[in-house]
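Chemist: Take a look at the following structure, please.
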Amino acid sequence: MLVDSHAHIDTSRFQNDREAVIQAAFEGGVTRIVDPGCDLASSRVALALAKAHPGAVFAGVGTHPHDATTYTDEVGMLYRQMAREPEVVAIGEFGLDYFRMLSPREVQRAVFCAHLQLARECDLPCIIHVRDSHDDVIELLRAHGQGLRGVFHCFSGDTLRQICC
Ligand SMILES: [Zn+2]
Ligand SMILES: [Zn+2]
């Protein structure tokens, strides 16, 4: 089984050829696609795409660190509802991005922790975006991530050893 665990096929750049891209992926040997949402709107589109491609496309629901200021308790409640759908297989993407720093650091950290809590409540794996933020990610995972599972991406550090121990 070949799973593309991170394909933003909900985004507008695929508005003209989305179905062709999905078809080409499956013809090329991909057996599952996970589309991680980046905010409430794209999480909804990811879920709709997953429903339109049963058994083939699956969704993550979450708020990207760039968009962390759009996250509210109400958004979290809606993610929790969406996560009851069988097509939602992960919480994410969420994370910390101090490279572009499009949201204030403290907001990113708070929203990161809210997503860890969501993953725990929903018993779903995390899709975690890590860019120039390894120390904070490790700190927050150690404090709030016990027992959670998932994948990192955009990871440019060499600190996996620290995460594991
Ligand atoms: Zn992404
Ligand atoms: Zn990312």
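Chemist: For the chain, what does -39500 (n - 2.57) per DSSP helix run (n ≥ 4), summed and divided by total residues, give at 222 nm, in deg cm²/dmol to the nearest 500? Mind dumping the intermediate values first?
Modeler: Values: 6 runs with 67 residues, N = 165.
Taking each H run of at least 4 residues, the total per residue is -12500 deg cm²/dmol.
Chemist: Which distance in Å, rounded to a whole number, links the C-alpha centroids of the range 1-34 and the range 39-105?
Modeler: 17
Chemist: Mind sorting S43, S12, S5 by how few other Cβ atoms lie within 10 Å of their own Cβ, fewest first? Show your work: numbers first, answer last.
Modeler: Values: S43 28, S12 9, S5 19.
Sorted ascending by nearby Cβ count, the order is S12, S5, S43.
Chemist: By how many degrees, between 0 and 90 and to the nearest 10, does the Cα long axis of helix 40-52 differ from the longest principal axis of the chain?
Modeler: Approximately 40 degrees, to the nearest ten.
Chemist: Describe numerically, in nm with one decimal, the distance between label points set 7 Å from Cα along Cα→Cβ at D158 and at A41.
Modeler: Label at D158, label at A41, 4.1 nm between them.
Chemist: If you average 1/r over all unlike Cα pairs in the chain and invert the result, what Kirkwood radius do you get in angstrom?
Modeler: Computed over the chain, the radius equals 15.9 Å.
Chemist: Rounded to the nearest 10 degrees, what's the angle between the helix 134-144 long axis and the longest principal axis of the chain, both from Cα atoms, 0 to 90?
Modeler: 90
Chemist: Each label point is 7 Å from the Cα along the Cα-to-Cβ direction; what then is the distance between the points at S12 and R120, in nm?
Modeler: Using points 7 Å along Cα→Cβ, the separation is 3.8 nm.
Chemist: OK, next. Suppose the chain between D4 and Q81 were pulled fully straight at 0.36 nm per residue; how much longer would it get relative to their current alpha carbon spacing? Intermediate results must be reported in sequence, preceding the final value.
Modeler: On the way: separation 77, 0.36 × 77 = 27.72 nm, distance 2.46 nm.
Length gained between D4 and Q81: 25.3 nm.
Chemist: Okay, next question. If you take the alpha carbon radius of gyration of the range 1-57 and divide it by 2.2 N^0.38 Å, what ratio comes out, to two decimals? Mind showing how you got there, number by number?
Modeler: On the way: Rg = 10.6 Å, N = 57, 2.2 N^0.38 = 10.2 Å.
Working it through for the range 1-57, the quotient is 1.03.
Chemist: Moving on. Within a Cβ distance under 13 Å of V34, other residues only, what is the Lys/Arg minus Asp/Glu net charge? Intermediate values should be presented prior to the final figure.
Modeler: Numbers: positive: R32; negative: D4, D10, D35, E87, E93.
Spelling it out: positives minus negatives among the neighbours equals -4.
Chemist: Would you mind calculating the gained length between V151 and A110 on full extension (0.36 nm times residue separation, minus the Cα-Cα distance), in nm to one decimal? The partial results should precede the final answer.
Modeler: Numbers: separation 41, 0.36 × 41 = 14.76 nm, distance 1.96 nm.
That works out to 12.8 nm of additional length.
Chemist: For D135 and A48 in one chain, what is 0.36 nm times their gap in residues minus the Cα-Cα distance, to one decimal in nm?
Modeler: Roughly 27.8 nm would be gained on extension.
Chemist: Taking every Cα atom in the range 7-92, find the radius of gyration and the maximum pairwise distance Dmax, and write them in Å.
Modeler: When restricted to the Cα atoms of the range 7-92, Rg and Dmax are 12.8, 40 Å.
Chemist: 7 Å from Cα along Cα→Cβ at both A143 and M101: what's the point-to-point distance in nm?
Modeler: 2.0
Computed from the coordinates by the stated procedures, all read-outs in this text should not be read as laboratory data. Nothing here was measured: the structure is a model prediction, and the numbers come from that model. A quick note on method: Cβ atoms are made from the backbone with ideal geometry, for glycine too, and the neighbour counts reach across all protein chains shown.
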